[in-house]
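The values are calculated or read from the model by the stated rules, or taken from the named source; none is laboratory data. What you are looking at is a predicted structure, and each value in this text was computed from that prediction instead of being measured. Cβ: placed from backbone, ideal geometry, glycine included. Neighbour counts: every protein chain shown. When the accessible area is computed, the model is the full protein with side chains, heavy atoms only, and any ligands, DNA or RNA have been set aside. Shrake-Rupley method; radii C 1.70, N 1.55, O 1.52, S 1.80 Å.
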Amino acid sequence: WFLVANTTLFDARYQGSDGVWRASRWNLGHIANLTAGKEWQRVADWPEKSRAFGVNGRITWTGGQRAAPVDEVASAAAKTTVFDFSNGYSEQQPGFVRLDLRVYWRRNIGKRRNSLFAMDFQNITFQKNTAHRYYDPYTGNVEVKEQLGLVPNLSWRLEW
């Protein structure tokens, strides 16, 4: 079994040519992860040909990304999204929580050669986190675009 916890607190800012410090796009404020899992190993006749099956999960809690506000008047006139960058990335999207799951099979093929098949399920709780805001010319309003729900990812990694 294993358990790993980490957190990062930060304030990512930049200084513009006008000398004013502003929040950068990636000024989330915090990121915290908790990862737990279990691996079962099967040792073959030769140690370099061992195999393992594992399952792990990770929960992530993070502050929201920054964004420049949408200029609604200019967007309506242009019939597309126009951002107001005069104050940098002054709006912050809501923070979010996401739960990921991974199931994998690892096989040592020989000395210095490994193979890993994995199936990742990102956001298994189907959280509808905010991706960005945009101007919709059909509704005439600023709308919120949500991130994807469940994202499956099948991978194979070969190391030598």
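Some observations on this one:
- Reciprocal mean inverse distance between Cα atoms of the chain - Kirkwood radius, Å: 19.3
- With all protein chains modelled, accessible area of LYS128 [1.4 Å, Å²]: 120
- Probe 1.4 Å, all protein chains present, accessible-area order of TYR104, TYR134, largest first: TYR134, TYR104
- Label positions at THR7 and LEU34, each projected 7 Å from the Cα along the C-beta direction, are separated by 1.1 nm.
- Across q = 0.24 Å⁻¹, segment 1-81 modelled as identical point scatterers on its alpha-carbon atoms has Debye log10 I(q)/I(0) values of -1.07, in the order of the q list.
- Rolling a 1.4 Å probe over the protein heavy atoms leaves GLU72 with an accessible area of roughly 100 Å².
- Spin-label model, TRP61 to VAL103: label points 7 Å out along the Cα-to-beta-carbon direction sit 2.9 nm apart.
- Label zone at ARG113, where the point sits 7 Å out along the Cα-to-Cβ direction: segment 127-160 residues whose backbone N lies under 13 Å: 158-160
- Helix content alone sets the calculated 222 nm mean residue ellipticity of the chain: runs of n ≥ 4 DSSP H residues at -39500 (n - 2.57) each, divided across all residues, give -1000 deg cm²/dmol.
- Taking each residue as 0.36 nm, the span from ARG22 to HIS132 lengthens on full extension beyond its C-alpha to C-alpha distance by 37.7 nm.
- Rg followed by Dmax, in Å, when segment 49-92 is reduced to its Cα trace: 21.3, 66
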